[in-house]
Amino acid sequence: MKNRSSMFLIALITMASLTGFNVFAENQEHDSSDKKPWEREPVTVEVVLKKKYIDGFEEQKIKQETIWSMRDFWSMYDDWKVIDQSEERMVLLKNMDELSPIVREYGYFGLDEDNILTIFKGKPEKEEAIQSFFQVDVGKLESFHYKQLREGIKVRSKGEFKKVIQTYKEFAPSKEVHRQ
């Protein structure tokens with residue numbers, strides 16, 4: 001929570017400076033910076049919303065946000081983490097504890113040409129890789145498991161996703177790859 005508080009203070013100071021409001025001045029003259037919050041002009045910033053799913057897929061949405069009140073702004077993005085910010089742009093991240101829409105709809109586990117456990121958009125033999133995890137020592141696999149991976153294992157749920165990762169992790173000779 002300390003990180004959130006310090007980021008809030010930075011954002012507040014940034015937004016206040018954009019509106020001409022000096023948060024550090026003790027005795028301000030009566031000018032435009034002395035206006036009440038509801039009398040000041042709103043601030044428009046570009047907000048980049050990044051979602052990272054458990055399957056490694058990331059999606060990003062960019063939008064323009066008009067900020068009338070920092071309190072209202074932060075209440076809208078309460079469960080997001082600030083990862084970058086400037087006067088005209090804020091980048092927020094939200095870790096999603098679920099499968100990405102693309103993997104839920106089209107995802108199949110399989111092996112790529114280097115025997116790396118990978119999620120493909122469609123069946124492994126002809127489709128594009130979405131996310132790679134770790135290399136699998138195919139010499140240690142039973143023929144049934146090898147055939148399943150060559151044909152593709154449909155990703156239907158978060159539970160199945162975790163089960164497949166756990167099952168094949170024991171056949172990994174090295175640490176995770178995580179390439180896209």
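The values are calculated or read from the model by the stated rules, or taken from the named source; none is laboratory data. These numbers were taken from a predicted model, which means no experiment stands behind them. All Cβ positions, even for glycine, are placed from backbone atoms using ideal geometry, and neighbour counts span all protein chains on display.
Applying a threshold of 6 Å to beta carbon distances and a minimum spacing of six or more residues, or different chains, the list of pairs starting in segment 147-174 at a residue that is in the same structural domain as residue 108 (by TED's automatic domain parsing) and ending at one that is small (Gly, Ala, Ser) and in a loop (DSSP other than H, G, I, E, B) is empty. Got a sec? Which of 118, 167 is hydroxyl-bearing (Ser, Thr, Tyr) and touching a Gly at 6+ places or on another chain (Cβ under 7 Å)? Exactly one residue qualifies, and that residue is 118.
Picking from residues in segment 114-137 that are surrounded by fewer than 14 Cβ atoms within 10 Å (Cβ to Cβ) and touching a residue at least 24 places away in the same chain (Cβ under 8 Å), the one that is farthest from the chain's Cα centre (by Cα) is 137. Residue check: residue 137 meets all listed conditions (1) touching a strand residue (DSSP E or B) at 6+ places or on another chain (Cβ under 8 Å); (2) among the charged types (D, E, K, R); (3) under 22 Å from residue 172 (Cβ atoms) but one, namely (1).
Taking segment 103-113 as the range and being more than 15 Å from residue 126 (Cα to Cα) and either crowded, with 21+ Cβ neighbours inside 10 Å or at pLDDT below 90 (or both) as the test, only 103 passes.
Do we find that residue 150 is surrounded by 11 or more Cβ atoms within 10 Å (Cβ to Cβ) and within 21 Å of residue 59 (Cα to Cα) in this structure?
Numbers: surrounded by 11 or more Cβ atoms within 10 Å (Cβ to Cβ): yes; within 21 Å of residue 59 (Cα to Cα): no.
So residue 150 fails the test.
Highlighted here are the strands (runs of 3 or more DSSP E) found entirely within segment 73-128 that include at least 2 residues which are under 26 Å from residue 157 (Cα atoms): 89-95, 107-111, 116-121. Residues that are of a type in the set (Val, Ile, Thr) and either touching a residue at least 24 places away in the same chain (Cβ under 8 Å) or under 16 Å from residue 42 (Cα atoms) (or both) were ranked within segment 57-92; the one that is surrounded by the fewest Cβ atoms within 10 Å (Cβ to Cβ) is 66. Against the test of being touching a strand residue (DSSP E or B) at 6+ places or on another chain (Cβ under 8 Å) and not assigned by TED's automatic domain parsing to the domain that holds residue 57, the options 132, 143 yield a single qualifying residue, 132.
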